[in-house]
Amino acid sequence: MGVDAVLVASGARAPVGTTAESVAAAVRAGISRVRRVQLPELGRQSDSFIARDGLLDAQEWGAAARMAALGAMALEEVLARLAPAIPPERVDVPVLVGLPEERPGWKAADAARVVAALAALGSARLRLQVEPRLTGHASALEGLRDAVTRVGRVARCPLVIVGGVDSYHDVQTLAWLRERNQWLEEGTRTGFAPGEAAAFVAVMAAPDARRWRLAPHATVRAAATARETKLIHTDALNLGEGLTAAVGEALVPLEDTREVVACVHSDLNGERYRSEEWGFVALRLGAAFRDASVIHTPVSSCGEVGAATGALNLVLCAQSWRRRYARGPRALLWGSSEAGLRAAALLEEPLSGSEGGVKPWPR
């Protein structure tokens, strides 16, 4: 990967919190905003499980409007944390934002509203170049891989912001989930609680972070992507080959070492397809993990947050090291998009996170 890439700032907005710290604390504490409610907007009186940001307009059932608001608040938090360190000269900052794949209630044209809300946060010193990626669950980790490449080039970007935004709170989207039996409702055996969230992290090369006097929150040791051809909602038998390829590439830095991964952050949401996919990966690559069956996911607290999942997991992972409650110094993050994109990243606690650079964790 060349120069080490590090995460130096983060921001998040979710049903359980309005900042990176509050969201991470709520998820760790097991606080949940998943509620069992009735939604007359959809013309059905049975109970449905849903997780909603209670500070947004309760009458707004348009995904693009909610995503624009969520994304702007999360990105603004990152920019506020970076503001004291920004040099006097103008800095062009790519903002790689993961968004949902096309679905009822969300089309490619809707991304323009989210992009405009994010780009408006730029300033004379910080010109934001927003690049949307409509690739779903794995989009933010795909963006992280690209960010690592950009900050590591000879003529590199000094700063890249990576994030993800999603909201299932659109009447058309919820009706579509119901038709596909993906919505966890009264009388259903599987499915998830539709949620919404936004999260962003700032990525820099380690030397640039030191020059800007920004303390690293996490080090990116590897990031990888792959494709899966046996897709969800088809009759094809998924053996986890695409995800295995992405995770295997992300784990390459651990080859020929005694290091193992202690924490796994994923987008498991209760769907059988995703659980079985990870099961095949664990069977093939289980030796690289302290316990491949221990999985962290924000779903129980925030509901299914789609394209925001990868970025939110980056925030939760970094916060676990900053607050010293992580299970170990290495973490694997992975995401699985419905159209086939698979992405994974290996993160490590930065040396500055422990006194004298010595880690108290078991290898």
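Could you list, in sequence order, the residues of segment 227-245 that are on the phi < 0 side of the Ramachandran plot, in contact (Cβ under 8 Å) with a residue 60 or more places away in the chain and open to solvent by 70 Å² or more (accessible area, probe 1.4 Å)?
Initial filter on segment 227-245 (on the phi < 0 side of the Ramachandran plot): 227-232, 234-239, 241-245.
Filter again for in contact (Cβ under 8 Å) with a residue 60 or more places away in the chain, leaving 227-229, 231-232, 242-243, 245.
Residues satisfying the conditions are 227, 229.
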So which of 178, 189 is farther than 18 Å from residue 309 by Cβ and in a loop (DSSP other than H, G, I, E, B)?
189
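Any residue at all in segment 279-297 that's crowded, with 24+ Cβ neighbours inside 10 Å, among the small types (Gly, Ala, Ser) and closer than 23 Å to residue 218 by Cα?
No; the residues of segment 279-297 include none that is crowded, with 24+ Cβ neighbours inside 10 Å, among the small types (Gly, Ala, Ser) and closer than 23 Å to residue 218 by Cα.
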Which one of these does residue 41 not meet: (1) open to solvent by 70 Å² or more (accessible area, probe 1.4 Å); (2) not in a helix (DSSP H, G or I)?
(2)
Tell me, which helices (runs of 4 or more DSSP H) lie completely within segment 225-344 with 2 or more residues that are closer than 30 Å to residue 37 by Cβ and among the charged types (D, E, K, R)?
272-285
With the checklist (1) of a type in the set (D, E, K, R); (2) touching a strand residue (DSSP E or B) at 6+ places or on another chain (Cβ under 6 Å); (3) outside any strand (DSSP E or B) in hand, flag the one item residue 113 doesn't pass.
(2)
Search result, residues across segment 11-22 that are touching a residue at least 24 places away in the same chain (Cβ under 8 Å), within 14 Å of residue 320 (Cα to Cα) and either out of contact with any helix residue (DSSP H, G or I) (no Cβ under 7 Å at 6 or more places or on another chain) or open to solvent by 20 Å² or more (accessible area, probe 1.4 Å) (or both)
21
Quick one: residue 129 ticks every box in (1) surrounded by 15 or more Cβ atoms within 10 Å (Cβ to Cβ); (2) over 21 Å from residue 66 (Cβ atoms); (3) at pLDDT 95 or above; (4) not aromatic (Phe, Trp, Tyr) except a single one, so which number is it?
(1)
Quick one: how many residues across segment 66-110 are open to solvent by 10 Å² or more (accessible area, probe 1.4 Å), farther than 26 Å from residue 21 by Cβ and outside any loop (DSSP other than H, G, I, E, B)?
5
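The values are calculated or read from the model by the stated rules, or taken from the named source; none is laboratory data. From a predicted model like this one, the values you see are computed outputs, not experimental measurements. Neighbour counts are summed over all protein chains in view; Cβ atoms, including those assigned to glycine, are modelled from backbone coordinates with ideal geometry. Note: areas computed on protein heavy atoms with side chains; ligands, DNA, RNA excluded. Shrake-Rupley method; radii C 1.70, N 1.55, O 1.52, S 1.80 Å.
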